[in-house]
Structures are given as structure tokens and as C-alpha cells.
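The values are calculated or read from the model by the stated rules, or taken from the named source; none is laboratory data. Nothing here was measured: the structure is a model prediction, and the numbers come from that model. Every residue, glycine as well, gets a Cβ built from its backbone with ideal geometry; the counts of neighbours run over all protein chains shown.
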Amino acid sequence: MTFLAHGGALWLLAPVALGFNLPLGRLRAGAGRLSHRRFGLLAASAMLLLALRHVFALAWPEALSLFATAAAGQWLGRRLGAGTPSALRWRAAAYAALLAALLMFLGAPVQAANNPWDRIDAHEPAPVFSLTDQDGRRVSLTDFRGKALVMIFMYTECKDICPTMPQILARMDKWMTAEERVQTHFLGVSIDPNRDTPERLRAFIQNHGLDPQRWTLLTGTVQEATQAAADYGIVVRPDQAGDLVHNAVYIVIDPQGNLRSEFHGLFTPTDEIVKVVRELLVEKTTPAARETTWDKAVALVRGLFAK
């Protein structure tokens, strides 16, 4: 795990945000409320902050903290500013900031060299489970038939990879159509059921800006959670601080309930996951795919009667 994966990104970026907003704030000093100088410098600062959030996969609570730090830098810069800068000077600063933001938006989220990703494909029935969702209802895997599922294992007290994984999956919407989004659902299974009550799961969804209509977080008894993790190859062990360490896996299940792909690695490119999900949704609506499923069902029934 990297320093950034452990939540160090915010501590690293806060002084950066403060640093680049100080000069932008100084250039803004004395600008009229509706002036081009004020608008241009504020827009440049906002775009840089949004680009940093994109690159470092910050959750919205972390991003808001970064924005507050930037606002403090702007305020301090305006207090230190003196005189009116030339148009060339403030425009050069604004354009440079906007260009830097654009380059960051075009790039992929930051990932460490020791965090490669790998894809493993399969076509077998996904291990079934029955767990409790964030609303206290008992839910099984079969309740999601008809939708493509992307599933992760996590826990709400995790300060390591768990806050990052949902943010990476949330980016799938950039590459998906409205129809594809409706047919895709996200699951998060807790590996810490003793602490992860339905109330905590609801708070996690809210604090990380997840759509409760498209996200289902699950908990249960220790035995149920342990069994689910083991069935999907999730390795969990305690660390010296008393927290839990586990591997980062994005699991893709097709609308028929079959395990189709596993992506191992925290910083798996989001578009790679989207490609698999899109293939499964196309397969779902293809007559040939429905015929193959029917043929399998007929063969199974024939096999039962042949015994």
C-alpha cells in the first residue's frame, strides 16, 4: 500500500492547495466583483482543485476539506496583495493553472508503481450469500438477477483502500450510457460485521457521495461475512494497529448470476471494468445468449431425468 492509499493524499495536497492559491489570491486582490480578473482567477483555482480530486480519487468530504484550504489561501493572498497586477501577469497565471488542470483531467488517476492490476476471467455460478443491507433487510445474490453487478469487499472504518475503491467505481458513469447505468448495480460486502451495522453502512454511503439506488452495502454475522469473503478469495488479516488488511478485488457478475471477471489491484483502470460490464449487458440482450442459457437449462433437466 502506498502513502496515498493510506489517506496521505489529503495531507500532501493541503499545503499544495494553500501554496498555489496564495499567489492567485494576491493577483485577485482589489479586483471588482464582476471583473474578468476575479472570475478568471477563481475559475482557474476551482479547475485545479477539481483536477486534483480526479487524479487522487478523493472522496467528497476530503475534497471539501481541500477546497476550504484553498479558500484560506485565497483569503490570505488577498490580504497580502498590493497594487493592481498587469493584465498580462494575471492572465498568464490563470491560463497556466487552467492548462495544468486540463492535463490532469486527461490523465488517469495516480497509481503507484507497486500497484499493478490483473484481470482473471471465469464463467461459473457466483457463490451465493444471504446478508443484511444498509436498510436492515435480508438480501441474497439472487435478488439482483437481471443486472450486471460489480462487487467489492470493504469495511467502513478502513482508512486504506476502502474509501478509494467506491470512488474508482463511481467513475464508471463517465463511460456508460444512461441505459447501461440503470442495468448496473454495485455491491460492497463488509469484512468487519461487528462494527459495520446497517446505520454505519448508510453513513458510509452518504459520506462518500454514493447513490443509494445503485449501491447496496452488506453486513451480517461474523460467520456469514467470513464465508462470503472466503468464497470470493478475499484474504483478511489483522494488522498491528488492530485494523484489517485485505486485498483489493473488483468482482464482476453477469445478469444471470455467473462470476465472469475479477480485477485484482486497487488502481484497476475504470474503463477496463466498464468494457466487461458492457459486454455482459450486450450479451444479455442478444438472442443467441438467451438461447444458450435456455439450452443449458434444457440439458440440465434432461440430465436429471436420465439418472
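Just the residues that are among the β-branched types (Val, Ile, Thr), in a strand (DSSP E or B) and out of contact with any Phe, Trp or Tyr (no Cβ under 8 Å at 6 or more places or on another chain), please, taken from segment 121-158.
Matches in segment 121-158: Thr132, Val139.
Just to verify a result, which residue in segment 121-154, among those that are of a type in the set (D, E, K, R) and out of contact with any Gly (no Cβ under 7 Å at 6 or more places or on another chain), is surrounded by the most Cβ atoms within 10 Å (Cβ to Cβ)?
Out of the qualifying residues, it is Asp133.
Can you tell me which residues in segment 159-184 are more than 11 Å from the chain's Cα centre (by Cα) and either surrounded by fewer than 21 Cβ atoms within 10 Å (Cβ to Cβ) or charged (D, E, K, R) (or both)?
Lys159, Asp160, Lys174, Trp175, Met176, Thr177, Ala178, Glu179, Glu180, Arg181, Val182, Gln183
Check whether at least one residue in segment 250-264 is outside any strand (DSSP E or B) and farther than 15 Å from Arg145 by Cα, and report yes or no.
Checking segment 250-264: not a single residue is outside any strand (DSSP E or B) and farther than 15 Å from Arg145 by Cα.
For segment 219-232, indicate whether the set of residues that are surrounded by 20 or more Cβ atoms within 10 Å (Cβ to Cβ), touching an Asp or Glu at 6+ places or on another chain (Cβ under 7 Å) and more than 22 Å from Val276 (Cα to Cα) is non-empty.
Checking segment 219-232: at least one residue is surrounded by 20 or more Cβ atoms within 10 Å (Cβ to Cβ), touching an Asp or Glu at 6+ places or on another chain (Cβ under 7 Å) and more than 22 Å from Val276 (Cα to Cα).
Working only within segment 221-241, note down all residues that are assigned to a loop (DSSP other than H, G, I, E, B) and more than 28 Å from Arg171 (Cα to Cα).
Across segment 221-241, the qualifying residues are Thr221, Asp239, Gln240, Ala241.
Only one residue in Arg200, Arg237 is surrounded by fewer than 16 Cβ atoms within 10 Å (Cβ to Cβ) and under 20 Å from Ile161 (Cβ atoms), so which one is that?
Arg237
Go through (1) part of a helix (DSSP H, G or I); (2) surrounded by fewer than 18 Cβ atoms within 10 Å (Cβ to Cβ); (3) under 21 Å from the mean Cα position of the chain (by Cα) and name the single condition Ile205 misses.
That leaves (2) as the condition not met.
So, Val282, is that one outside any loop (DSSP other than H, G, I, E, B) and crowded, with 20+ Cβ neighbours inside 10 Å or not?
Spelling it out, it is not the case that Val282 is outside any loop (DSSP other than H, G, I, E, B) and crowded, with 20+ Cβ neighbours inside 10 Å.
Give all pairs with beta carbons closer than 6 Å in which a residue from segment 79-100 that is in the same structural domain as Ala17 (by TED's automatic domain parsing) and more than 22 Å from Leu49 (Cα to Cα) meets a residue that is part of a helix (DSSP H, G or I) and hydrophobic (A, V, I, L, M, F, W, C); count only pairs at least 6 apart in sequence or on separate chains.
Listed by first residue and then by second, the contacts come to Pro85/Leu27.
If Pro109 satisfies all but one of (1) in a loop (DSSP other than H, G, I, E, B); (2) at pLDDT 85 or above; (3) surrounded by 14 or more Cβ atoms within 10 Å (Cβ to Cβ), what's the number of the condition it fails?
(2)
Do any residues in segment 169-183 that are modelled with pLDDT of 90 or more and charged (D, E, K, R) have Cβ atoms under 7 Å from those of residues that are assigned to a helix (DSSP H, G or I) and surrounded by 11 or more Cβ atoms within 10 Å (Cβ to Cβ), where the two are at least six apart or on different chains, and which pairs are they?
Glu180/Arg278; Glu180/Leu281; Arg181/Asp173
Just one of Val298, Val252, Val236 is touching a Ser or Thr at 6+ places or on another chain (Cβ under 7 Å) and either closer than 30 Å to Gly136 by Cβ or at pLDDT below 80 (or both); which is it?
Val252
I need a count of the residues in segment 3-31 that are loosely packed, with under 14 Cβ neighbours inside 10 Å and modelled with pLDDT of 85 or more.
Residues flagged as loosely packed, with under 14 Cβ neighbours inside 10 Å and modelled with pLDDT of 85 or more within segment 3-31 amount to 2.
Could you give every pair whose Cβ atoms fall below 8 Å, whose first residue belongs to segment 33-46 and is not assigned by TED's automatic domain parsing to the domain that holds Ala100, and whose second residue is not aliphatic (A, V, I, L, M), counting only separations of at least 6 or pairs across chains?
none
Take segment 19-71 and flag every residue that is under 19 Å from Met104 (Cβ atoms) and in a loop (DSSP other than H, G, I, E, B).
Of everything in segment 19-71, those that are under 19 Å from Met104 (Cβ atoms) and in a loop (DSSP other than H, G, I, E, B) turn out to be Ala57, Leu58, Ala59.
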